[in-house]
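A short reminder: the numbers here are calculations on the coordinates, not readings from a lab. These figures come from a predicted structure and were not determined experimentally. Here the Cβ is made from the backbone with ideal geometry for all residues, glycine too, and neighbour counts use every protein chain on show.
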Amino acid sequence: MLEVQRNVKEMQRRSRMLREAGKRIGVVPTMGYLHEGHLSLIRIARDHADVVITTLFVNPAQFGPTEDLARYPRDFDRDCALAEKAGTAILFAPDTENMYPEGYSTYVTVEGITDVLEGKSRPGHFRGVATIVTKLFNITNPHVAVFGQKDAQQVAVIRRMVEDLNIDVELIIGPIVREPDGLAMSSRNTYLSPIERKEAVVLSHALAFAERSIKNGERHSAAILLGMRQVITASSSGKVEYLSCADNRTLRELEHLERGDHVLISMAVRFGTTRLIDNTVVVVE
Ligand code: AMP
């Protein structure tokens with residue numbers, strides 16, 4: 001039976017008990033409306049821990065004032081069933097008042113790598129992410145935490161934060177899970193109209209183009225990015241917000257690729273009011 005915890009203090013007490021009983025705790029932070037991408041992370045956590053805590057919290061602090069907080073999709077009962085089936089022992093689903101009570105004033109800011117890409121497009125987003133992840137770590141006290149490569153910059157930010165703040169947790173990153181046609185799974189895909197949903201495959205086509213170009217010897221990122229843009233605009237109504245070819249660790253833009261580089265190719269593309277992100281990492285040979 002899935003155990004549901006809704007209270008911060010109770011959850012903290014439960015994870016302390018588990019630790020005292022010698023259990024290895026794995027945590028998978030999510031905003032719910034679970035799909036196969038989330039479930040793959042829960043299964044990874046299950047392989048690395050005795051007890052998996054999946055957290056479900058739509059974190060207002062990581063949404064900008066004009067973003068989709070109010071309409072973010074939710075289905076608690078379905079999430080419970082899916083989370084349990086994938087191996088979750090405890091679902092932690094606090095309410096906003098419990099996480100950010102009146103008088104709440106403390107935020108975690110990771111500098112530098114949050115100024116680019118998603119951080120540039122979504123000011124304050126990573127401050128919200130770093131804060132909630134720190135809080136969830138303090139509440140669930142995990143030995144291991146699993147995040148998805150889908151949010152590549154989030155991974156870089158959390159890695160930096162864990163190292164800088166000496167947080168005693170092992171990070172595991174799960175690969176991007178995709179729909180059969182290549183679209184990266186996302187709770188936000190439900191916003192897409194049927195036409196937009198069909199067009200949205202261009203993100204993965206653009207990534208495939210970039211991978212192919214690099215494999216074929218292209219080393220100028222300007223040429224790669226131009227080609228990607230053409231793939232997107234030629235067969236969709238998608239509006240490119242950014243396209244990037246950056247060092248996977250520092251997130252600095254690369255002009256010229258060198259052998260051995262770990263290149264993060266990433267993008268944000270809008271379809272109507274829906275904003276989609278996707279990425280791939282290429283090691284230059
Ligand atoms: P979210 O609920 O969107 O905040 O995502 C929760 C976690 O699931 C994050 O670590 C995401 O990177 C990860 N995630 C979301 N979509 C996918 C996907 N398609 N494949 C793998 N992981 C994902």
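General observations
- Antiparallel DSSP beta bridges within the chain, as percent of all bridges there, nearest 5: 50 percent
- Straight Cα distances below 28 angstrom link residue 9 to the lysines 23, 85, 135, with same-chain residues fewer than 8 positions distant left out.
- Karplus-based coupling profile of segment 254-269, in residue order and whole Hz: 10, 8, 10, 8, 10, 4, x, 4, 9, 9, 8, 9, 9, 7, 10, 9, with θ = phi - 60° in 6.51 cos²θ - 1.76 cosθ + 1.60 and x standing for Gly or Pro.
- The reciprocal of the average 1/r between distinct C-alpha atoms defines the Kirkwood hydrodynamic radius, which for segment 107-181 equals 13.0 Å.
- Annotation: lysines with alpha-carbon distance below 17 angstrom to residue 120 (same-chain offsets under eight excluded): 239.
- Note on the chain: Cα-only Rg and Dmax are 19.2, 58 Å.
- Considering all C-alpha pairs of segment 171-238, those separated by over 13 Å amount to 68%.
- Placing pseudo-labels 7 Å out from each Cα toward the beta carbon at residue 69 and residue 4 gives an inter-label distance of 2.4 nm.
- Long-range amide H partners of residue 184 with built H, under 5 Å: 179
- Note on segment 147-194 and segment 7-84: Cα centroid distance 14 Å, given to the nearest whole angstrom.
- Taking amide H as placed 1.01 Å from N in the peptide plane, residue 241 has its amide H under 5 Å from the amide H of 268, 269, 270, each at least 5 places away in sequence or on another chain.
- The calculated FRET efficiency for residue 193 paired with residue 164, based on their beta-carbon distance and R0 = 41 Å, is about 0.45.
- Two-site FRET efficiency, residue 226 against residue 47, from Cβ-Cβ distance with R₀ of 41 Å, rounded to 0.05: 0.50
- Evaluated on segment 154-203, the Kirkwood hydrodynamic radius is 13.4 Å, with distances taken between all distinct Cα atoms.
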